[in-house]
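To start, the structure under review is shown below, and the notes come after it.
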Amino acid sequence: MRRLLLVVLVLSSVPLIAADTWQYGRIKDVRKSVTTKTKAWVVNTPINEDQITYTISVHVLDKILAGNYELQGEESAPPPEWTANYAVKVQVVGDTMYLRGPTGEAHLRITQRKNAGPMQPLTAEEKKQLAEMEAAPRSLIGFSEDSKTTSTTNPAPEAAPQPPPPPSVGSVTVRSTPYLSEVFVDGDSMGYTPAKINLAPGKHTFRVEKSGYKPWTKEIMITVGSELTLDASLERR
């Protein structure tokens, strides 16, 4: 009986992310990756298309959840305010993660779950902003056009166009021999070559892999506005 009571007490003290329940979270990281895909060939000339994928990591309780979505149709990029420590509300349903903030919403497919230290508690002002956002119009990201709902009564006035923000990232184009090798940046998969990846300034480790070949690695420094190219030549095992 004492053992059973001890197990119950231990389990009750472990923070869990409850499914179907909105909880507080903080944005940890937002990454954008661009993968170039060939749609068709016209007279031996490839017609390429850039596929943009956003990966968003969120700190919830003592967990880090990472999810991604591809930019398609009328979907938009994450709001520029979504930077490290930005407060949001989080709901997890199976392998799907929903994020809600005062400036937007996101619907992502969870790709990674890992343990972390306790999340920094939200301030009273942050909780107030999240509570007030229920009645405020938000942009939907990661949702298809069919899942959006619009109101025809009392439409909000159109905002004046804002100048584009100055660049805060650098880009790296990764090519490889052989073609279609998987690219990892700091341990996270970024798609397949050829790929154009936008990264925050700082030192980053690139690894290119393909079955039957030895991994290729390189560490480079990214600066704001830089445009670099990496050519990875993989050797057979």
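Read the figures in this text as sums done on the coordinates, not as results from a lab. As the structure is a prediction and not an experimental result, all values here were calculated from the model. Quick reminder, even Gly has a Cβ in these numbers, built from the backbone with ideal geometry, and neighbours come from all protein chains shown.
Overview of values
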read-out	value
Nearby lysines by direct alpha-carbon distance to residue 128 (threshold 23 angstrom, same-chain neighbours under 8 apart not counted)	28, 89
Summed side-chain charge close to residue 184 - residues other than residue 184 whose Cβ falls under 9 Å, Lys, Arg +1, Asp, Glu -1	-3
Separation between Cα centres of the range 194-237 and the range 50-121, rounded to whole Å	25
Whole-Hz ³J(HN,Hα) from phi, Karplus 6.51 cos²θ - 1.76 cosθ + 1.60, for the range 188-201, glycine and proline x	9, 5, 10, x, 10, 6, x, 9, 10, 10, 9, 9, 5, x
